[in-house]
1. Quick check: net charge around ILE129, other residues with Cβ under 11 Å of its Cβ, Lys/Arg +1 and Asp/Glu -1?
2. How big is the C-alpha Rg of region 244-299 next to the rule-of-thumb value 2.2 N^0.38 Å, as a ratio?
3. Starting from the 7 Å offset along Cα-to-Cβ, what nm value, one decimal, do you get for the label separation of ILE399 and LYS217?
4. Order these peptides, 285-293, 266-274, by their mean beta-carbon neighbour count within 10 angstrom, highest first.
5. In percent, what relative contact order does the chain have, based on Cα pairs under 8 Å that are 6 or more apart in sequence?
6. About the Cα centre, and with charges only on the beta carbon of Lys, Arg (+1) and Asp, Glu (-1), how big is the dipole of region 167-249? Nearest 20 debye, please.
7. Kindly report the accessible area of the chain per residue (heavy atoms of protein chains, probe 1.4 Å, no ligands, DNA or RNA), in Å².
8. Over 5 Å intervals from 0, what percent of Cα-Cα pairs in region 315-452 sits in each interval?
Amino acid sequence: MRKAIDLICTCPFIKLLLAAGLALTVVIGAAAQTRPPASSGVQPPLSASQATTAGPQVHVSLDRAIELALQHNHSLLAARATIEESRAEEITANLRPNPLLSWDGQFLPFFNPGDFSSQYIENSAQFDIGISYLIERGKKRQHRLEAARDQTAATTASVLDNERTISANVAQQFVGVLLANANLELARMDLESFQNTVEITQVRYQAGDIGEGDLLKIKLQLLQFQMDLNSAGLAKVQALANLRALVGFESIPESYEVDGDLAYQPVRVNLDDLKLTALRNRPDYRAAQLGVVASQSQLTLAQAVGKRDLTAAVDYTHVGGVNAASFFFNIELPIFTRNQGEIARARFVVNQAQESQSAASETVLTDVTNAYESLRTNDEVVKLYNSGYLQQAQDSRDISEYAYQRGAASLLDYLDSERSYRATQLAYRQALASYTLALEQLRQAVGTRSLP
């Protein structure tokens, strides 16, 4: 045996066979480790990119949707550009007039070239160079700057009102998505429940308990449930698309979901407190107030423009071998024109701005009152449903379904209770949506999402 082993170890051909066998064993083992088990039904987990494409991963809350809209809504971004435009006008309003440089040469013998000489230039020709500056009287520059800054403040308040409107639109559209989700879930549950009823009806028909006419009627009714499900799915897709248009297409992917559901959240507020808060926070009313200030600044500027400006100049003159300096001052005599028309127009603008402020105040108070009454009315409607009507509709449907499946109730009675149940559930969800929308309208009317 020992000699045989020594022979094997010393033979080159046998060594080569052993090496080849060892290499083949290693390759087979590695392939077995990398090959997925044939008998296992468990799939490997998806990668991050595969998980993203497999289904919607982005969930957006109401607060996040409003935040994204304020950052990416193009209409709002365009409105914000007007603030920068107004600030650029402040730079223009604060500029001083440029000085004026003038020079001339007189009595030059262009038509008698032979007279050109240094002596002629020194004694007979005249040369002037001077600088003049417009001195604005009445503090025109200061009043221009003040008027421009007041206009910037009013523009900023108007843009803030645009933000308030965008936030309210996003909130209302978000509620529309929640309503679409609720209706879609209800349509799914109703379809599943009715499919179970169809199966039981099929069994009863085969057993001879009901006729073929009743079976066909209930199968046709199944079509209505399927159509309701398709319509609810379409409504959800459209609501999500409309919300994405407000939020900004580049801010969220095409496939996304919203967080939250329609829920009754009672709110206790005081109408007088709401009105005071609205007058303090509403940016449109603030813009009207700043419009009055801006119009008064324009009136002050128009009165300053009515004051005539002074032009001062200093000249250096060389003539007849003499170097001399001259000083000039001129001012327009305000005999006929004193900017009377612009001053009168500015006064009317001030009156107009004051009336607009009063109208804005009335609008704010009216919006708050209407929103408050709408919230109160919708609150009462939701309470009516929760007081027992929902449970009664549920019990009526369950009793009719139980009786029909056991032959104790007619098909028409069952279908009628089913329609009443669906109508009640849809109306309840619509009432919840109306209540939530009324709450969002109240927040918009008050000018803040934190109600007092």
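1. Details: positive: none; negative: ASP104, ASP128, ASP315.
So the surrounding residues net to -3.
2. On the way: Rg = 19.9 Å, N = 56, 2.2 N^0.38 = 10.2 Å.
Dividing the Cα radius of gyration by 2.2 N^0.38 Å gives 1.96.
3. Rounded to a tenth, the inter-label distance reads 2.1 nm.
4. Working: 285-293: 21.4, 266-274: 12.0.
Ranking the peptides 285-293, 266-274 by packing returns 285-293, 266-274.
5. Details: 517 pairs, mean separation 100.4, N = 452.
This gives 22 percent for the chain.
6. Working: 6 positive and 8 negative charges, 77 e Å.
The calculation lands at about 380 debye.
7. Values: 27310 Å² over 452 residues.
So the chain comes to 60 Å² accessible per residue, rounded to a whole number.
8. Taking all Cα pairs of region 315-452, the binned fractions are 2, 8, 9, 8, 7, 7, 6, 6, 6, 5, 5, 4, 4, 3, 3, 3, 3, 2, 2, 2, 2, 1, 1, 1, 1, 0, 0 percent.
The values are calculated or read from the model by the stated rules, or taken from the named source; none is laboratory data. Since we're looking at a predicted model, the values are computed, not measured. Glycine gets a Cβ as well: all are built from the backbone with ideal geometry, and neighbour counts include every protein chain shown. Accessible surface is based on the protein model in full, side chains and every heavy atom, while ligands, DNA and RNA are left aside. Shrake-Rupley method; radii C 1.70, N 1.55, O 1.52, S 1.80 Å.
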